[in-house]
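Notes for the one structure printed next.
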Amino acid sequence: MTQSPIRLTVNGRIHDIAAARETPLLYVLRNDLALNGPKYGCGLGECGTCTVLIDGAAARACVVPISGCAGRDIVTLEGLGTREEPDAVQQAFIDEQAAQCGYCLNGMIMTTKALLAINPRPTEQEVIAALRYNLCRCGTHVEILRAVMRASGQLAEAGD
Ligand code: FES
Ligand code: FES
């Protein structure tokens, strides 16, 4: 029996996806919708590089089946800003040059978005806690922490 398409709302656009219900959201985003901001890392929900926002919360798209996404608001990195007009968090990562290979950055930025939405002025310890399950194999943690503090406006206030 043919299954009916699953309707996804991604970055404000509606897509009817004809795929098995258990298909990971990440596969659909990258392979069907050409949204390559979210990256494939572990595929097991452990590294965070595939992170997207679902109803504003950070979610690991590699382990979320599309059947659980119908009717929910999905935002990917592409939904934040553009090359010409980056989102404030993206701009903060640029300003701090918070990348080496860059592979983890999608997850770092999307998790930061979710954090700042509920805690606009986190302490450094709160940032570290929020990002503790986003892995960066390059060891860019110090710059990433500064970028998050910059995005929250707290570096500017400190005159840094
Ligand atoms: S690829 Fe999804 S958590 Fe690693
Ligand atoms: S910058 Fe390379 S994994 Fe983080």
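The values are calculated or read from the model by the stated rules, or taken from the named source; none is laboratory data. Here the structure is a predicted model, which is why all the values come from computation and not from measurement. A quick note on method: Cβ atoms are made from the backbone with ideal geometry, for glycine too, and the neighbour counts reach across all protein chains shown.
Here the stretch 53-72 is the region considered, the condition is being outside any helix (DSSP H, G or I), touching a residue at least 40 places away in the same chain (Cβ under 8 Å) and touching a strand residue (DSSP E or B) at 6+ places or on another chain (Cβ under 6 Å), and the residue that is farthest from ligand 2 (Cβ to nearest atom) is ALA70. Summed over the stretch 100-132, residues that are loosely packed, with under 15 Cβ neighbours inside 10 Å and either among the small types (Gly, Ala, Ser) or within 16 Å of ligand 1 (Cβ to nearest atom) (or both) total 5.
Taken across the stretch 106-120, residues that are out of contact with any Cys (no Cβ under 6 Å at 6 or more places or on another chain) and outside any helix (DSSP H, G or I) do occur, with at least one present. Of everything in the stretch 73-82 that is more than 16 Å from ligand 2 (Cβ to nearest atom) and touching a helix residue (DSSP H, G or I) at 6+ places or on another chain (Cβ under 7 Å), the residue that is nearest to PRO38 (Cα to Cα) is THR76. Looking across the stretch 35-50, the residues that are buried (at least 16 other Cβ atoms within 10 Å of the Cβ) and within 16 Å of ligand 2 (Cβ to nearest atom) come down to GLY37, PRO38, LYS39, TYR40, GLY41, CYS47, GLY48, THR49, CYS50. Residue check: ARG132 meets all listed conditions (1) farther than 27 Å from ALA34 by Cβ; (2) part of a helix (DSSP H, G or I) but one, namely (2). Evaluation of GLN97 against the conditions (1) within 15 Å of ligand 2 (Cβ to nearest atom); (2) surrounded by 14 or more Cβ atoms within 10 Å (Cβ to Cβ) shows that the sole unmet condition is (2). Of the set (1) surrounded by 16 or more Cβ atoms within 10 Å (Cβ to Cβ); (2) within 16 Å of ligand 2 (Cβ to nearest atom), all apply to VAL10 but (2).
Do the conditions hold for ASP32, that is, is it more than 16 Å from ligand 2 (Cβ to nearest atom), at positive phi and not assigned by TED's automatic domain parsing to the domain that holds ALA129? Considered against the rule, which asks whether it is more than 16 Å from ligand 2 (Cβ to nearest atom), at positive phi and not assigned by TED's automatic domain parsing to the domain that holds ALA129, ASP32 comes out as no.
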